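Q: I have a structure here, written as structure tokens, and I will follow up with some questions on it.
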Amino acid sequence: MTARTIAVVTAGLSQPSSTRLLAERLAEATRAALAVDEVGVEVIELRDLAIDVTNTMLTGFPSPRLREVIDTVTRADALIAVTPVFTASYSGLFKSFFDVLDNDALDGKPVLLGATGGTERHSLVLDFALRPLFAYLRATPVATGVYAASSDWGSVSATGALQQRVERAAGELAALVSAAPEAKPEDEFTSVPFEQLLAGN
Amino acid sequence: MQFGIFTVGDVTTDPTTGVTPSEHERIKSMVRIALKAEEVGLDVFATGEHHNPPFVPSSPTTMLGFIAAQTKTIQLSTSTTLITTNDPVKIAEDFAMLQHLSGGRVDLMMGRGNTGPVYPWFGQDIRQGIPLAIENYALLRRLWREEVVDWEGKFRTPLQGFTSTPRPLDDVPPFVWHGSIRSPEIAEQAAYYGDGFFANHIFWPKEHFQQLIAFYRKRYEHYGHGKADQAIVGLGGQAFIRGKSQDAWHEFRPYFDNAPVYGHGPSLEDFTEQTPLTVGSPQEVIDKTLTFREHFGDYQRQLFLMDHAGLPLKTVLEQLDLLGEQVVPVLRKELAAMRPEHVPDAPTHESLKAAKDQPAVA
């Protein structure tokens, strides 16, 4: 039996939130596309952690509950990251959360990128803002990102087209996850033997 | 078990009065605080080293020498001495001189320094922090242990037939601690040489430091200096004490809320919950400090940060009275009672000298 965990980070601020809605659709489609016995989905609402994220920037360490969330994201087999578009980019809270992760937390992690906005005009935010961020973090974003504007939720045919994009992206994420070995936590404290350090290696 | 205080040497505005001490006032306060530490029966005074405002202690051995002249028993130390940007030759000379002047009441704690711009001011590069710490310290050890040194490395000009003067007092180099916040390489270094390891243990949750200390202990045993529980561990801590708990909370809150490092962030309640900071009565400080032993094992040195965030000198001196008279005597007794026989004390000049003079047992 294999088990996989998918962390879902959603930065929507309103309740209900179309960002959360898109995140859930992406998670559900990924779960359906993964041919494994057990898929754990952990949804993380950044709104609930906004103060903890800010405090981490000020103190340098996360609160216990944010620590738990960071560990969940770091250990997950895949990440679905969805942000609303604010002022032509990802939201500040979304960026702040990724700012407080360790630099190597997302190394090689399959990621599905999603964004929501009022109009279609911001859809390239996925490729101009989110993709470089995750490239810097050395994650592996799948080729299809999913952008949903208000109009995508407006009619059966429009939502049908959105659903096709969701399923294509989820299929790509599931393929990457299936191909990868199960994620294992690492021992944080290791050092090369001192003789090697002394020799300048 | 040694108890003492360590100071960063920051010049910070008192948020309750708006008064900012001058550098001169702060320097004199640091000295007054050190003298007070001895008066109230503490064992160690350690000063930071900084080369940028708002910090004043750029010349630790000058200050410690001045304090040595006015004290009799207190151990003088650093928190930390920058092994990366100081020339190891100058460290060897300065601290050997201080040993002679103070009658051996000196040890020091090596640190790398995490302020990027400081490195180029001294001709170095922060990206080389770990290699600098390793090479410089290896040279420092030789300068104290070998009369004549030939040496060549990556970071300073070579030495040919060099003798560091004065030689260490009684030919016993000062004991060295290594301080680190997050680098396993430094814990590895301390373990390799059988030196002490100090976790600053302030401002961050204990879990982080527990991992580092556990790693150091494991490696100390690996390198054959003794059992893991015999490794020489020092911890920081931070407290604000008043006779009544609510008075301590009320008085310290504005300093906490506006402090450098953590001010304007988490609440005092969260911070005392999540980090080693204790605000309260002497008994509460005793209780929290006793948990350090549970988390880290029996250890050798406990230093408290008592004089930051703009606390006025008068308040700091009152804090030291409470620490020295009501907190530390209880901790001494309780920790000594729990300590197994085979766990050593922190080395001092006297103990190192005795060990050197004693012929090795085959």
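Every read-out reported here was derived from the displayed coordinates using simple, explicitly stated rules and does not represent laboratory data. Keep in mind that this is a model prediction, so the values were computed, not measured. Reconstructed Cβ throughout: ideal geometry from the backbone, glycine too, with neighbour counts over all protein chains shown.
Q: Along the Cα-to-Cβ line of residue A:180, 7 Å from the Cα, sits a label point; which residues in region A:25-59 have backbone N less than 20 Å from it?
A: Counting backbone N atoms under 20 Å from the label point, the list is A:25-45.
Q: Taking chain B as a Gaussian network, Cα atoms linked when under 10 Å apart, which of B:160, B:326, B:283 shows the biggest mean-square fluctuation?
A: Ranking B:160, B:326, B:283 by mean-square fluctuation puts B:160 first.
Q: As I understand it, the value is the acute angle between the Cα axis of helix B:88-102 and the longest principal axis of the Cα atoms of chain B; what does it come to in degrees, rounded to 10?
A: Computed tilt is about 70 degrees.
Q: Modelling each spin label as a point 7 Å along the Cα-to-Cβ direction, I'd like the residue A:192/residue B:58 distance in nm, to one decimal.
A: About 3.6 nm separates the two model spin labels.
Q: So how many Å³ per residue does the convex hull of the Cα atoms of chain A work out to?
A: Cα-based convex hull of chain A, divided per residue, equals 146 Å³.
Q: What is the extension gain from residue B:325 to residue B:93, computed as 0.36 nm multiplied by their sequence separation minus the C-alpha to C-alpha distance, in nm to one decimal?
A: 79.9 nm
Q: Using the crude model of +1 on Lys and Arg Cβ and -1 on Asp and Glu Cβ, and no other charge, please compute the dipole size for chain B relative to its Cα centre, in debye to 20.
A: That gives chain B a dipole magnitude of about 300 debye.
Q: Please give the length that would be gained between residue B:291 and residue B:342 if that part of the chain were fully extended, namely 0.36 nm times their separation in residues minus their C-alpha to C-alpha distance (nm, one decimal).
A: Between residue B:291 and residue B:342, full extension yields 16.3 nm more.
Q: Net charge around residue B:201, counting only other residues with Cβ within less than 13 Å of its Cβ (Lys, Arg = +1; Asp, Glu = -1)?
A: +4
Q: Let me ask another. For an R0 of 25 angstrom, estimate the FRET efficiency from the Cβ-Cβ distance between residue B:247 and residue B:19 and round to the nearest 0.05.
A: Computed FRET efficiency for residue B:247 and residue B:19 comes out at 0.70.
Q: Also, I was wondering about something else. Out of B:83, B:20, B:311, whose Cα points farthest toward the positive end of the dipole of the protein assembly as shown (charges: +1 Lys, Arg; -1 Asp, Glu; placed on Cβ)?
A: It is B:20, whose Cα lies furthest towards the positive end.
Q: Give me the aspartates and glutamates in straight-line cross-link reach of residue B:288: C-alpha distance below 14 Å, same-chain residues under 8 apart excluded.
A: B:273, B:334
Q: Then there is this: If you restrict to DSSP beta bridges whose two residues both lie in region A:1-133, what percentage is antiparallel, to the nearest 5?
A: 10
Q: With a Förster radius of 60 Å, plug the Cβ-Cβ distance of residue B:356 and residue B:264 into 1/(1 + (r/R0)^6) and report the FRET value to the nearest 0.05.
A: Once rounded, the FRET efficiency stands at 0.70.
Q: Other chains near A:191-199: what is the mean number of their Cβ atoms within 10 Å of each residue's Cβ?
A: 6
Q: Could you work out the relative contact order of region A:60-201, using alpha carbon pairs under 8 angstrom and six or more residues apart, expressed as a whole percent?
A: With pairs under 8 Å counted, the relative contact order is 23 percent.
Q: Still on this model: Residue B:125 versus residue A:161, label points 7 Å from Cα toward the beta carbon: distance in nm?
A: The modelled label-to-label distance comes out at 5.3 nm.
Q: Against the longest principal axis of chain A, how steep is helix A:156-179, in degrees 0 to 90 to the nearest 10, with axes from Cα atoms?
A: Here the helix axis deviates by roughly 20 degrees.
Q: Share of antiparallel DSSP beta bridges in region B:1-111, in percent to the nearest 5?
A: 10
Q: Something else now. Give me B:262, B:223 ranked fewest to most by other Cβ atoms within 10 Å of their Cβ, as a rough exposure proxy.
A: Ordered from fewest to most neighbouring Cβ atoms within 10 Å, B:262, B:223 come out as B:223, B:262.
Q: Any idea how far apart residue A:168 and residue A:153 come out in nm if each label point goes 7 Å out from Cα toward Cβ?
A: The two pseudo-label positions are separated by 2.3 nm.
Q: In nm, what is the difference between 0.36 nm times the number of residues separating residue A:102 and residue A:67 and their Cα-Cα distance?
A: Taking residue A:102 through residue A:67 to full extension adds about 11.5 nm, to one decimal.
Q: Past 25 Å, Cα to Cα, is the threshold; run B:36/B:227; B:28/B:72; B:28/B:206; B:36/B:244; B:227/B:356; B:154/B:353 against it and keep the listed order.
A: From B:36/B:227; B:28/B:72; B:28/B:206; B:36/B:244; B:227/B:356; B:154/B:353, over 25 Å: B:36/B:227; B:28/B:206; B:154/B:353.
Q: Still on this structure: Top mean-square fluctuation among A:51, A:70, A:80, Gaussian network model of chain A, C-alpha springs under 10 Å?
A: Between A:51, A:70, A:80, it is A:51 that shows the largest mean-square fluctuation.
Q: While we're here: With angles folded into 0 to 90 degrees, how steeply does helix B:313-322 sit against the dominant principal axis of chain B? Use alpha carbons for both and round to 10.
A: The angle comes out at about 90 degrees.
Q: Where the only charges are on Cβ atoms (+1 Lys, Arg; -1 Asp, Glu), what is the dipole of the protein assembly as shown about its Cα centre, to the nearest 20 debye?
A: Using Cβ point charges on Lys, Arg, Asp and Glu, the protein assembly as shown gives about 460 debye.
Q: Determine the dipole magnitude for chain A: charges of +1 sit on the beta-carbon of Lys and Arg, -1 on that of Asp and Glu, nothing else is charged, the reference point is the Cα centre, and the result goes in debye to the nearest 20.
A: 660
Q: Of the candidates A:124, A:26, A:113, which one comes out as most mobile in a Gaussian network treatment of chain A with C-alpha springs shorter than 10 Å?
A: The residue with the greatest mean-square fluctuation here is A:124.
Q: Where does the protein assembly as shown land at 222 nm, in deg cm²/dmol rounded to the nearest 500, when only DSSP H runs of n ≥ 4 count, each adding -39500 (n - 2.57), divided by all residues?
A: -13000 deg cm²/dmol
Q: If the cut-off is a Cα-Cα distance under 22 Å, which lysines reach residue A:109, setting aside same-chain residues fewer than 8 apart in sequence?
A: Excluding near neighbours in sequence, the set is A:95, A:184.
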